[in-house]
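For reference, the structure is listed below as structure tokens.
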Amino acid sequence: MTEDIKDYFARLLATKDITAIPLEKALLKTAHLVDLSSDFGSEEGAKLALRWSDTLEKSDLTPGQRSLLQFYRANAWDSERKRKFNPENYAWAWEQTELREQLLSLRRAVNPEGLAELEPIERVQILTNLGNQLNSAGRFVEAGEYWGRAIAEQPRFAMALANRGSGWHDYARAHYDPGHQRVFLYRAHQSLAVALADDADWGSAPDGAREFFVQLRIFIAKKIDVEAMDKELKLDGYGLGRSQTEREYRQWALDNRLFLNPLNDLGTSDVAAQDVLSLPSYRTPIDDGPTLIGFFNQMKQEFASARWLLFEGIKNQKPHFSDRDTRLHDTLDDPGYSLSIEKTKLAFRSAYSLLDKVAFFLNDYLTLGIPLAEVSFRSLWFEKRKDKSLELKPVFTQAKNWPLRGLYWLAKDFVEQDFRDSSEPDARDLATIRNHLEHRYLKVRDRDPLFTQLGPDVYTDRLALFVDRHELEMKALRILKLARAAMIYLCFSMHQEETIRTKDDKGFAMPMTLPPLEHKRRR
């Protein structure tokens, strides 16, 4: 660092009132303070940057400025996280306030209106960072969406390409299927190759990043025969079904990454258009039988049915004959009533319920001892102290189980009663919709844009939660994706647990080579 930079950093630290500076300049100074605080390892600078962020957030910011401010805030929290934790705990500590705040800031930064105002390089940096931090938390399924969005925006942006390659390498390490592992490693090698090409853009990369990814690519090439896979690997050409409806359905599910198949996280190749996800082989008492296998079968079927219901609800909106002659009164607030809307509601409810079923499964598998009537996605993780506060159970804090940690961080979006500590801005809305669907009154507005422009409703229903049809569909798609991710984390965390458990002479390995049910085979 030159003396000029040190002097500039000192002047930033001495700034008394960031609001006395024109807004654009204040945002730029905040970005500089965050970067220099990280370079100097300055706790004072990082904390000041967070205070500036809180202050500037109250200003009259455009959506783009708000996204940038949240990006700067996330980087400041990362500096705090690196300062607080040593490298091992940075990767493995389950409870990290700094990571939670970092994720929340980045998720706020990817607001569509905000991103639309930013320069392309700013957009891809935000998207890449969110993918990186989700992957760090163990949420590797969800991380891929953001790397993919960054690459779609800037196909030669090296940090998105390289981190995606690294993330797919991590995915392969967590997987229990050798065939899938090889495909993930191959695709990781491909992504790294594009990142390391001469025309890739490394302009915003930190020092040493490129060399790290060079070494990772070399390491992967020692694990698989890349040249042989170039010639032999076939991911397309398997077909998507006989009827046009089936092909449209399967293509829609592929495009939205909704098959219970890890290969769907690599893209939309039709080899992934099957729900092949299963439990790994596991040890069980001799007299127990395939109880967990049966339970997981049911979860898979519920997910697949919810996926079809959502497809039908979105794509087939023509009145159904069952809608005819259902005499309903006009309540003057433009409600929508149809079988397709009810299918969307059912898909939402079924997908949301799978989160609690994942918890029910883990309560048994990990022998947590929670009374069955009290098991939920909220209750699974914590136990009460003597002062009635909650703390994470030791069985989790002591586990170096990356997919299980990812499941916990997914759960954190939903475990907080008031959602103040959630890292997911939409979590409150998802929970509110679910509560009204299950216990109260949800009214769906199925209106065209012209009607919306006519002014406020003539009548407002005091008991109902109103939601527009498109919003409900997007929320249902969101919760379905979360349920899919949770089921993948469940299977992978079980595999990780099985690799570290001591063999029990009184048990036996339950193999996952049982024949499929005859009526479930593809015809």
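The values are calculated or read from the model by the stated rules, or taken from the named source; none is laboratory data. Everything quoted here is computed from the prediction, not taken from an experiment. We place every Cβ from the backbone using ideal geometry, glycine too, and count neighbours over all the protein chains shown. Heavy atoms of the whole protein, side chains included, go into the accessibility calculation; ligands, DNA and RNA do not. Shrake-Rupley method; radii C 1.70, N 1.55, O 1.52, S 1.80 Å.
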TODO: Sticking to Cα atoms, compute the Rg of the range 109-193 to one decimal and its Dmax as the biggest Cα-Cα distance, whole number, in Å.
DONE: 13.2, 44
TODO: Please compute the net charge surrounding residue 14, taking Lys and Arg as +1 and Asp and Glu as -1 over other residues with Cβ under 15 Å from its Cβ.
DONE: +3
Open item on the list: Loop only by DSSP, 14 or fewer other Cβ within 10 Å of the Cβ. Give me the trypsin sites (Lys or Arg not before Pro) in the range 291-348 that pass, ordered by residue number.
Closed with: 324, 327
TODO: Could you tell me what percent of the accessible area of the chain is made up of carbon and sulfur, with a 1.4 Å probe and every protein chain present?
DONE: 50
TODO: Please work out how much length the chain gains when fully extended from residue 429 to residue 372, using 0.36 nm per residue of separation minus the C-alpha to C-alpha distance, in nm with one decimal.
DONE: 17.8 nm
Task: residue 436 accessible area, assembled protein chains, probe 1.4 Å, Å² - done: 30
- [ ] Please go through the range 163-243 and write out the trypsin sites (Lys or Arg not before Pro) that DSSP classes as loop and that have at most 14 other C-beta atoms within 10 Å.
- [x] 234, 242
TODO: Return one whole number: the accessible area per residue of the chain in Å², for a 1.4 Å probe.
DONE: 51
Task: the chain: radius of gyration and largest Cα-Cα distance (Dmax), Å - done: 24.9, 81
Open item on the list: Suppose accessible area is computed on protein heavy atoms with a 1.4 Å probe; arrange 265, 35, 323 from highest to lowest.
Closed with: 35, 323, 265
Task: Total charge dipole magnitude, the chain, about the Cα centre, Cβ charges on Lys, Arg, Asp, Glu only, Debye to nearest 20 - done: 1120
Task: the chain: antiparallel DSSP beta bridges as a percent of all, rounded to 5 - done: 60
- [ ] Scan the chain and hand back the longest stretch that contains none of the chymotrypsin sites (Phe, Trp or Tyr not before Pro) lying in DSSP loops with at most 14 other Cβ atoms within 10 Å.
- [x] 1-237
TODO: May I ask for the distance between the Cα centers of the range 193-239 and the range 1-57, given as a whole number of Å?
DONE: 37
TODO: Quote to one decimal, in nm, the extra length available between residue 320 and residue 301 on full extension: 0.36 nm per residue of separation minus the C-alpha distance between them.
DONE: 4.4 nm
Task: Sites residue 209 and residue 330, calculated FRET efficiency, Cβ-Cβ separation with R0 51 Å, nearest 0.05 - done: 0.25
- [ ] Compute the relative contact order of the chain as a whole-number percentage, counting only Cα pairs closer than 8 Å that sit 6 or more residues apart in sequence.
- [x] 14
Open item on the list: Just to confirm the filter: which trypsin sites (Lys or Arg not before Pro) across the range 26-110 are DSSP coil and have at most 14 other Cβ within 10 angstrom of their Cβ?
Closed with: 58
Open item on the list: For the range 191-285, what does the convex hull of the Cα positions come to per residue, in cubic angstrom?
Closed with: 214
Open item on the list: Restricting the calculation to Cα positions, tell me the Rg (one decimal) and the Dmax (whole number) of the range 284-367 in Å.
Closed with: 18.7, 63
Task: Listed residues 90, 167, 106: farthest to the positive end of the dipole of the range 46-183 (Cβ charges) - done: 90
